[in-house]
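First up is the structure itself, then whatever we jot down about it.
The values are calculated or read from the model by the stated rules, or taken from the named source; none is laboratory data. The structure displayed is predicted, hence computed values, not measured ones. Neighbour counts run over all protein chains shown; Cβ positions are idealised from the backbone, glycine included. What goes into the accessible areas is simple: the full protein's heavy atoms, side chains included, and nothing from ligands, DNA or RNA. Shrake-Rupley method; radii C 1.70, N 1.55, O 1.52, S 1.80 Å.
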Amino acid sequence: MATQILMPALSPTMTEGTLTKWLVKEGDVIKAGDVIAEIETDKATMEVEAVDEGILSRILVPGGTENVAVNTPIGLITEEGEAASSAAAPAPKAVATPAAPQAAVAPAAPAASPAAVSAPPVSHGERVFATPLARRIARDKGLDLAQVQGSGPHGRIVKADVEAARPQAPAAAVPSGRTGAAVITPPVPSTPFAPGSAEFTAIPNDGMRRTVARRLSEAKATIPHYYLTVDCEIDNLLAMRKTLNEQVGGGTKISVNDMIVKALALALVKVPAANASWTDEAILRYAHADIAVAVAVEGGLITPIVRAAEVKGLATIAGETRDLAERARSRKLKPEEYQGGTFTVSNLGMFGVRQFAAVINPPHGGILAIGAGEQRPVVKNGALAVATVMTVTLSADHRVIDGAVGAGLLAAFKRLIEEPLTMLL
Amino acid sequence: MAERFDLIVLGSGPGGYVAAIRAAQLGMKAAVVEREALGGICLNWGCIPTKALLRSSEVHHLLQHAGDYGFEIGDITFDLARIVKRSRQVASQLSAGVKHLMKKNKITVVEGEGRLLGKGRLAVTRNDTTVELEAPHIIIATGARARTLPGLEPNGTSIITYREAMVPKTLPKRLLVVGSGAIGMEFASFYAQMGSKVTVVEALDRILPVEDEDISAFALKAFTRQGLKFHTAANLKRLSPEGTGVVAEIEAGGQSHRIEADQAILAVGIVGNVENIGLEALGVKVERSHIVVDEFSRTGVPGLYAIGDVTGPPWLAHKASHEGVVCVEKIAGVAGVHPLDTGNIPGCTYCLPQIASVGLTEAKARAAGHEVKVGRFPYLGNGKAIALGEPEGLVKTVFDAKTGALLGAHMIGAEVTEQIQGYAIARTLETTEAELMATVFPHPTLSETMHEAVLDAYGRAIHI
Ligand SMILES: Cc1cc2nc3c(=O)[nH]c(=O)nc-3n(C[C@H](O)[C@H](O)[C@H](O)COP(=O)(O)OP(=O)(O)OC[C@H]3O[C@@H](n4cnc5c(N)ncnc54)[C@H](O)[C@@H]3O)c2cc1C
């Protein structure tokens, strides 16, 4: 009997992905645990391990295919000694199913028809293997079985899998548990399509780009954003940072951003009403401040999470953030490292941006946009003076965080930033 | 020079020998160490010889009811020695079978008493000669033995445990069975069918205490009709040899009773064989005479595992075997190995009537917070049961009212031990009531009661 290799779901939110490349050839002997292919999801590149052993008798979906729906058969394994030709017989379904949109196979062709690039994901025509009990629980929970990865024999979905899974939100208004991808970018004006006339290059949307687009559109369209801006003097903070880094010596240097993460986490502890998410049934108030930190990567943005930042020291935060950012850039983050979180920090200060308002990244209740720290004239005790000032703007979800609460959060944050020693209290 | 293996199993019971075979199948060089007969308690002193005895008592029962089926038989006599001999022959035939299986799978059998010398090292002693074996993986499968209570020590003649009870020389006229679990009830049933006057004493408030309460109650009635006597919620104050027999004093229901009997069988649980095998020096955790292990039978000492009775309840041969397979597959790195789900292990008692169950009792299901739907169907409503002349029986199902999951199934009656696997498969495949209802059960069979008990849980039973 041939065993199908199915397109795995590497994260609960993944519905499709790009089969970047096969690392084995047809005819190769593979053992359970061998890395056989690479898959690019909406946020990361992941290695696929074989669950069964035998001979890879057929590759059904070639490397470089985009929009491969989760659970699509991508290859066939036959037992050693079994005629490879018999492999096709038991799996007519797999062959008959449009395994992948063919047009997308040639992503390099600049003239690839845009229609093909944006072809809808393959519909879930193929059979999802799940136990009757798992099916029923999934139905009662409103769970799409195609989104669930099975842990039973041959990848069958069993009760434990659906019990562990969370329902997917149809719209951003209901944060999907805390599995939301954390991605922020300033909205990009969409170029009106001008077929025929203007010259253009079509850059196929990869998984990440599509996720960025979908989530930010949903967020901006459904979350009632409001914005509060405050100036923070950061001379004390810079002095403290300098002292600390002199102490650290060779270790990871603490950045201003690390101190902002810490200050935001502590401010959220002081104003717990702001550390919360909206759902239709209830406001979820979180026990810890899990701060998502935006990292620019090629082709998009990803926001790995510093969990329970309120209890972590600056050195820990610095170390973790640097490690997460490095792995984010090489797209080697594990889903649990960028999914969830309770609040976001986005910093464009290094680009000289003085002030900006960011789009909330659901299910977070808010996002703090950090501008550049620069010397500005300030009035102190009636006299003009010079101070290093950083402007921050809070975008808050009004369903969860009312104006006064948002202002309270910013005030607490400003106090911690301006008197950084109080972070020790 | 110590001989080297990939895997050594200490003990050749259904846990140990099955683990060794699975290891051999996976290409490992395996050895089994055994101080007695291959096959362990199960084949030699447990499951198998008792089933042979019980078959004799069943035949006796049928002969006694031969008239019901139109036969005229004169006095029925039997030769206890031949009954016991048959039971022993069955046991040795199967033990020889295990020997053959070891050979076929190229598993080395080392006879003698095994003892761990350290990580990955085992000494086996036999008649003052000791050999040393080495392997990166060692599985302890030393099984268990009858538990004795303080002041209740067996003497081998009038106060005995299962070992002696399995090879009686004479039939006790009056037998006292202490403990009404599976082992106690099987012996109580055997001896009663053969003609002993049997009294059963149970400390808890019902017999077969691990079974569903409805089944316990049904069994109590059935056995009482057969002439067995029961004292439940009974406190055994004293049990001592007197003359050639025994005298017991018990307190039950606020009253004291004095019970005289020719023999008493102690069936009050079992304790793991954890002594003198070198566990202490390695720091293996032992709690209440059982080795503590994780879901893949790992002891916490790298390379040392334990399976079967020595790791605790349920003390069942098929649990031991299955644990052995899972443990070895995990060691071999077989993909997709899942721990054994103890909720899916069926338990059977081969008394007359037979008892079988899998999953949660109704009370346990409710205690676990399930809203339940309960179905019951009596053998009286089943054509085959009537045709067989076996109208005494009950099948009970417990479903989760919300999800339709089969939480438990409980059966008493003819051949239920052969039928329970149907519900075990249903549970393993995670079927709901819908698939069980849609399954076509052949007519006429006893198994139709299983279908009806499912239908009944949803108010749809046909023949009741
Ligand atoms: C009367 C009776 C009836 C039973 N009926 C049933 C039944 O119907 N169904 C059922 O499922 N279960 C039944 N059981 C329980 C079943 O026998 C046990 O669950 C099963 O035998 C456990 O298997 P095991 O491999 O863990 O250990 P065992 O079968 O106990 O095997 C352990 C082996 O290890 C050997 N050993 C121990 N220490 C050493 C050492 N230091 N060196 C070398 N060898 C050693 C022993 O000699 C023994 O052969 C019954 C038990 C009894 C007593």
(message) So, taking all protein chains as they sit and a 1.4 Å probe, how much accessible area belongs to residue B:100, in Å² rounded to tens?
(response) 120
(message) Output wanted: per-residue J couplings in Hz (rounded whole) for segment B:448-464, from phi through Karplus 6.51 cos²θ - 1.76 cosθ + 1.60, θ = phi - 60°, x for Gly and Pro.
(response) 4, 5, 5, 5, 4, 5, 6, 4, 4, 4, 10, x, 10, 4, 8, 9, 9
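Determine how many Å³ per residue the convex hull of the Cα atoms of the protein assembly as shown encloses.
248
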(request) Between the alpha-carbon centers of segment B:96-134 and segment B:60-86, tell me the distance in whole angstrom. (result) 44
(request) May I ask you to compute the full-extension gain from residue B:79 to residue B:366, defined as 0.36 nm times their residue separation minus their alpha-carbon distance, rounded to one decimal in nm? (result) 98.4 nm
(request) Show that you can apply the helix-only estimate: for chain B, add -39,500 (n - 2.57) for every DSSP H stretch of four or more residues, divide by all residues, and state [θ] at 222 nm to the nearest 500. (result) -9500 deg cm²/dmol
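Expressed in nm², what is the orientationally averaged projection area of the convex hull enclosing the Cα positions of chain B?
Numbers: hull surface 99.3 nm².
Answer in nm², one decimal: 24.8.
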(message) Just to verify a number: what accessible area does residue B:71 come out at with the full protein assembly present, 1.4 Å probe, Å² rounded to tens?
(response) 130
(message) For the full complex of protein chains and a 1.4 angstrom probe, list A:422, B:432 by accessible area with the highest value first.
(response) A:422, B:432
(message) With θ taken as phi - 60° and the coefficients 6.51, -1.76 and 1.60, list the Karplus ³J(HN,Hα) couplings across segment A:387-399 in order, rounded to whole Hz; mark glycine and proline as x.
(response) 9, 8, 10, 10, 9, 10, 10, 9, 9, 10, 8, 5, 5
(request) Taking DSSP loops as anything outside H, G, I, E and B, show the longest stretch in chain B free of GluC sites (Glu not before Pro) there with at most 12 other beta carbons within 10 Å. (result) B:73-274
(message) Show me, bin by bin at 10 Å from 0, the whole-percent P(r) of segment B:159-268 based on Cα pairs.
(response) 15, 51, 31, 3, 0
(message) Among B:131, B:112, B:165, which residue has its Cα furthest toward the positive end of the charge dipole of segment B:92-188, with +1 on Lys/Arg Cβ and -1 on Asp/Glu Cβ?
(response) B:165
(request) Sum up the charges of everything whose Cβ sits under 13 Å from the Cβ of residue A:376, counting Lys and Arg as +1 and Asp and Glu as -1, but leave residue A:376 out. (result) -2
(message) Just to confirm a number: summing +1 for Lys and Arg and -1 for Asp and Glu over residues other than residue B:88 whose beta-carbon lies under 15 angstrom from that of residue B:88, what do you get?
(response) +4
(request) Run the accessible area of segment B:139-201 with a 1.4 Å probe and give the carbon-and-sulfur part as a rounded percent. (result) 57
(message) Between residue A:381 and residue A:26, what is 0.36 nm times their sequence separation minus the Cα-Cα distance? Round to one decimal in nm.
(response) 120.0 nm
(message) Counting other C-beta atoms within 10 Å, and keeping those with at most 15, which DSSP coil GluC sites (Glu not before Pro) do you find in segment A:221-316?
(response) A:281, A:298
(message) I want the local charge near residue B:131. Using Cβ-Cβ distances under 13 Å, sum +1 for each Lys or Arg and -1 for each Asp or Glu among the other residues.
(response) -2
(message) Report, in listed order, any pair from A:312/B:330; B:51/B:169; A:141/A:270; B:85/B:396; B:106/B:285; A:31/A:334 with a Cα-Cα distance greater than 27 Å.
(response) A:312/B:330; A:141/A:270; B:85/B:396; B:106/B:285
(request) Note down the nm distance, to one decimal, between modelled labels 7 Å out along Cα→Cβ at residue B:437 and at residue B:153. (result) 6.1
(request) Over the residues of segment A:283-406, compute the C-alpha Rg and express it relative to 2.2 N^0.38 Å. (result) 1.19
(request) Give a residue-ordered list of calculated ³J(HN,Hα) values for segment A:64-78 (Karplus: 6.51 cos²θ - 1.76 cosθ + 1.60, θ = phi - 60°; whole Hz; x for Gly, Pro). (result) x, 8, 9, 6, 7, 5, 4, 6, 5, x, 10, x, 10, 10, 10
(request) Rounding to the nearest 20 debye, state how big the charge dipole of segment B:169-265 is about its Cα centre with +1 on each Lys and Arg Cβ and -1 on each Asp and Glu Cβ. (result) 460
(message) Give the average, rounded to an integer, of partner chain Cβ atoms located within 10 angstrom of each Cβ in A:129-136.
(response) 6
(request) Taking the Cα centre of segment A:227-366 as origin, work out the dipole magnitude from +1 charges on Lys and Arg Cβ and -1 charges on Asp and Glu Cβ, in debye rounded to 20. (result) 300
(request) Identify, among B:351, B:328, B:393, the residue whose Cα sits farthest towards the positive end of the charge dipole of the protein assembly as shown, taking +1 on the Cβ of Lys and Arg and -1 on the Cβ of Asp and Glu, with the dipole about the Cα centre. (result) B:328
(request) Using a 1.4 Å probe and counting only protein heavy atoms, arrange A:22, A:278, B:315 so the residue with the most accessible area comes first. (result) B:315, A:278, A:22
(message) Could you compute how much accessible surface residue A:231 exposes when probed at 1.4 Å, giving the result in Å² to the nearest 10?
(response) 80
(request) Could you give the size of the charge dipole of the protein assembly as shown about its Cα centre, using +1 on the Cβ of each K and R and -1 on the Cβ of each D and E, expressed in debye and rounded to the nearest 20? (result) 660
